[in-house]
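Beneath this line is the structure, given in structure tokens, with notes to follow.
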Amino acid sequence: MSHDQQPPNPYGNQPQGGGYGPPQPQQQPPQGGYGPPQPYGQVPQQGYGQPQPPRSGGKGKRNGIIIGVVVAVLAVGAGVFVAHKGNSGSSGLHDDGKKYTLTTPDTVAGDYVKSPVGSTGPQLDDTAVGTLKALGVDDAKSAGTLYLKGSQFTGVFLSFDGVYGTVKDPGKALDGMFALLDKGGTNPTSDGSKVTVSPLGTPQTVKPAGLTPDALMKCQKINETQEQDNQKIPFKTTICAWADYSTVAYVSTIDDAHVSDGTATWPSVADTAALAAKVRADVEVPAS
């Protein structure tokens with residue numbers, strides 16, 4: 001991957017150990033809001049982080065996001081696609097022979113900053129990373145975090161996760177990941193809720209401005225439903241993932257304001273792809 005400027009980081013290391021943090025004060029259950037759920041299928045090693053800010057109530061008010069769609073399917077799909085054949089045309093990629101790693105800078109894509117709530121580290125557990133290893137990523141190390149543009153309840157959340165190492169066949173890795181995603185299904189989260197993932201259509205190959213010749217990118221629209229406390233909260237997002245000879249990662253966004261007022265639609269493939277290309281330029285850096 002070549003860049004004209006030093007870029008700032010596809011599926012991440014486990015958070016540092018540290019316990020569950022101080023007990024939360026008792027309070028009335030929120031009437032409608034939901035903060036960012038914990039990663040799928042695991043209790044974070046560093047605990048649940050700082051207390052969530054108060055959520056606004058009101059009938060039908062639904063503040064919050066679902067993050068880590070890809071994490072959900074990777075966590076239950078280890079080994080399923082070991083023999084998956086990529087068809088994305090890796091042979092046409094330019095391999096500059098250099099190695100790259102993934103980082104999590106304070107700001108990506110211009111105005112997304114690290115979120116003060118929700119995920120504070122990569123969401124991929126050992127099982128998910130193992131799935132990517134089975135897809136041909138050697139010495140895989142994970143990186144990722146949650147970013148936010150605007151305020152918690154009216155802004156846009158951006159989830160970035162990925163792994164870096166040696167990617168033998170970027171096309172195979174990318175196709176295998178989306179094949180897992182296409183399986184969909186319902187997966188438990190560590191906060192006791194359930195998330196159902198329902199992909200729409202098939203992954204689309206995209207070539208947004210700024211995507212360098214050493215990378216492939218595909219995008220797909222996703223329906224998610226979080227079931228918690230006898231309520232079902234629908235979410236709509238678009239996943240865009242890239243693969244090159246050093247990294248495999250994905251980006252997705254949730255517009256929390258539109259989730260809250262029930263007007264959420266899928267982010268466009270073109271917009272999400274352009275955003276993912278900018279994020280890649282910021283997070284992928286030459287290995288030292």
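Just so you know, all these numbers are worked out from the coordinates, no wet-lab data involved. Remember, predicted model here, so these are calculated numbers, not experimental data. Reconstructed Cβ throughout: ideal geometry from the backbone, glycine too, with neighbour counts over all protein chains shown.
Taking each of Lys114/Lys207; Lys98/Lys194; Lys168/Lys232; Lys114/Lys221; Lys149/Lys207; Lys99/Lys236 in turn, the alpha-carbon distance tops 30 angstrom for Lys98/Lys194; Lys168/Lys232; Lys99/Lys236. Ordering 157-163, 248-254, 279-285, 234-240 by mean Cβ neighbour count within 10 Å, with the highest value first, yields 157-163, 248-254, 279-285, 234-240. Couplings 3J(HN,Hα) of segment 211-225, computed from phi: 7, 6, x, 8, 10, 10, 9, 9, 9, 8, 7, 9, 9, 10, 10 Hz, in residue order, whole Hz [Karplus 6.51 cos²θ - 1.76 cosθ + 1.60, θ = phi - 60°; x for Gly and Pro].
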